[in-house]
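*Asks:* Just passing along the structure, written as structure tokens.
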Amino acid sequence: MSPLIIEAALNGATPKSRNPNVPVTPGEISNAALAAFDGGAAIVHTHIERMDLTGEAAVTRYMEGFAPILAARPEAILWGTVATGADVEARFGHYRELARAGVRMGAFDPGSVNLGTHGEDGLPGSSFVYATSYRDIAWLAALHDEERLAPAIAIYEPGWLRTVMAYHQAGRLPRGAFVKLYFGGRYNFLDGKRSAVTFGLPPTQRALDAYLELLEGAGLPWAVAAIGDDVVETGLAELAIARGGHVRVGLEDFGGERQPDNLELIGEVVALARAAGRPVATIAEATQILDLPR
């Protein structure tokens with residue numbers, strides 16, 4: 001079995017008011033990322049404070065945090081998130097310059113989903129539609145190919161994975177693809193509160209089986225992530241380790257009553273891997289397993 005790739009999602013939309021351990025400023029992100037690599041992560045994903053920053057402004061802010069990481073670890077596998085904007089260029093165009101600055105992965109979101117919270121009546125309340133059309137997906141595939149960016153593929157809903165499989169079967173999926181199966185947990189990741197308003201499949205063995213059926217025979221590297229939950233506590237991390245998959249963990253995704261830091265969450269996955277007798281991948285090993293284009 002290949003070494004276990006751990007991806008650390010360090011911050012996301014998690015505010016310090018929910019967990020004071022979340023890194024937000026560029027300096028905090030640099031320090032947290034380097035500590036995550038030292039702690040066993042092979043990939044680090046971060047956000048910047050404002051998703052409305054697009055283009056050069058977004059690149060500048062990302063590189064304030066990323067440049068010190070790349071100076072210390074030129075081989076680091078980093079990727080940032082999407083921006084808000086009126087079109088696909090505004091939302092994803094900053095990946096072009098990030099790639100040219102040494103960033104090796106980019107977001108590849110193959111579908112659309114409702115994201116929101118619950119109202120006082122327990123029903124879905126305030127929300128927004130995170131939309132990526134088939135035309136936008138084709139644009140993203142071309143961008144990743146042109147800039148030799150490995151696609152970090154988020155799977156919020158089963159239909160997203162079917163789109164990925166269509167690209168894979170047509171030989172059009174960009175090189176270095178890493179499929180992340182996002183399971184909707186017990187806590188709403190937008191506000192951190194216990195909630196039945198979520199997305200996708202629940203963090204269970206049967207749900208994982210359903211996704212693995214769709215992936216059967218593809219040979220694509222995959223990981224599990226519990227969004228709004230604890231990927232270790234749910235049992236998903238242990239299942240993935242046993243089945244040859246990989247694990248995404250971090251304060252972006254975490255939902256629960258405690259306030260861990262990123263190193264604690266990474267350490268829990270490392271401990272599971274050691275108990276199972278599976279080595280944890282280095283950055284170099286992850287580069288080889290994913291067949292990164294750069």
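The values are calculated or read from the model by the stated rules, or taken from the named source; none is laboratory data. Being a predicted model, the structure only gives us computed values, none of them experimental. Quick reminder, even Gly has a Cβ in these numbers, built from the backbone with ideal geometry, and neighbours come from all protein chains shown. Just so you know, the surface numbers come from the protein's heavy atoms only, side chains and all, with ligands and any DNA or RNA stripped out. Shrake-Rupley method; radii C 1.70, N 1.55, O 1.52, S 1.80 Å.
*Asks:* Among what's in segment 241-264 and is assigned to a helix (DSSP H, G or I) and either in contact (Cβ under 8 Å) with a residue 40 or more places away in the chain or of a type in the set (V, I, T) (or both), pick the residue that is most open to solvent (accessible area, probe 1.4 Å). Walk me through it before giving the result.
*Replies:* Here is the first cut: in segment 241-264, the ones assigned to a helix (DSSP H, G or I) are 241-243, 262-264.
Still in the list and also either in contact (Cβ under 8 Å) with a residue 40 or more places away in the chain or of a type in the set (V, I, T) (or both): 241, 262-263.
Numbers: I241: 5, N262: 14, L263: 87 Å².
My answer is L263.
*Asks:* Under 9 Å between Cβ atoms, at least 6 apart or on separate chains: pull out the pairs that start in segment 92-110 with a residue that is at pLDDT 95 or above and surrounded by 23 or more Cβ atoms within 10 Å (Cβ to Cβ) and end on any residue that is among the acidic types (D, E) and assigned to a loop (DSSP other than H, G, I, E, B).
*Replies:* Short answer, once both residue conditions are applied: F92/D109; R104/E75.
*Asks:* Does segment 268-292 hold any residues that are within 26 Å of P151 (Cα to Cα) and surrounded by fewer than 15 Cβ atoms within 10 Å (Cβ to Cβ), and which are they?
*Replies:* Within segment 268-292, P279, A284, Q288, D291 qualify.
*Asks:* Based on this model, can you work out whether L78 counts as out of contact with any Pro (no Cβ under 7 Å at 6 or more places or on another chain) and assigned to a helix (DSSP H, G or I)?
*Replies:* Working: out of contact with any Pro (no Cβ under 7 Å at 6 or more places or on another chain): yes; assigned to a helix (DSSP H, G or I): no.
Considered against the rule, which asks whether it is out of contact with any Pro (no Cβ under 7 Å at 6 or more places or on another chain) and assigned to a helix (DSSP H, G or I), L78 comes out as no.
*Asks:* What are the pairs with Cβ atoms under 9 angstrom where one residue, in segment 24-42, is over 8 Å from G65 (Cβ atoms) and at pLDDT below 95 and the other, located anywhere, is in a helix (DSSP H, G or I) and open to solvent by 10 Å² or more (accessible area, probe 1.4 Å)? Sequence gap at least six, or different chains.
*Replies:* Pairs that qualify, where the first residue is over 8 Å from G65 (Cβ atoms) and at pLDDT below 95 and the partner is in a helix (DSSP H, G or I) and open to solvent by 10 Å² or more (accessible area, probe 1.4 Å): there are none.
*Asks:* Can you tell me which residue in segment 1-13 is farthest from P221 (Cα to Cα), limited to those that are under 14 Å from the mean Cα position of the chain (by Cα) and open to solvent by less than 10 Å² (accessible area, probe 1.4 Å)? Even if it seems obvious, please write down each step before you answer.
*Replies:* Let us first name the residues in segment 1-13 that are under 14 Å from the mean Cα position of the chain (by Cα), namely 5-13.
Narrowing further to those that are open to solvent by less than 10 Å² (accessible area, probe 1.4 Å): 5-11.
Working: I5: 10, I6: 12, E7: 13, A8: 16, A9: 18, L10: 21, N11: 24 Å.
Looking at the filtered set, the residue picked out is N11.
*Asks:* Still on this structure: In segment 169-212, how many residues are without any contact (Cβ under 8 Å) to a residue 24 or more places away in the chain and surrounded by 19 or more Cβ atoms within 10 Å (Cβ to Cβ)?
*Replies:* Number of matching residues: 0.
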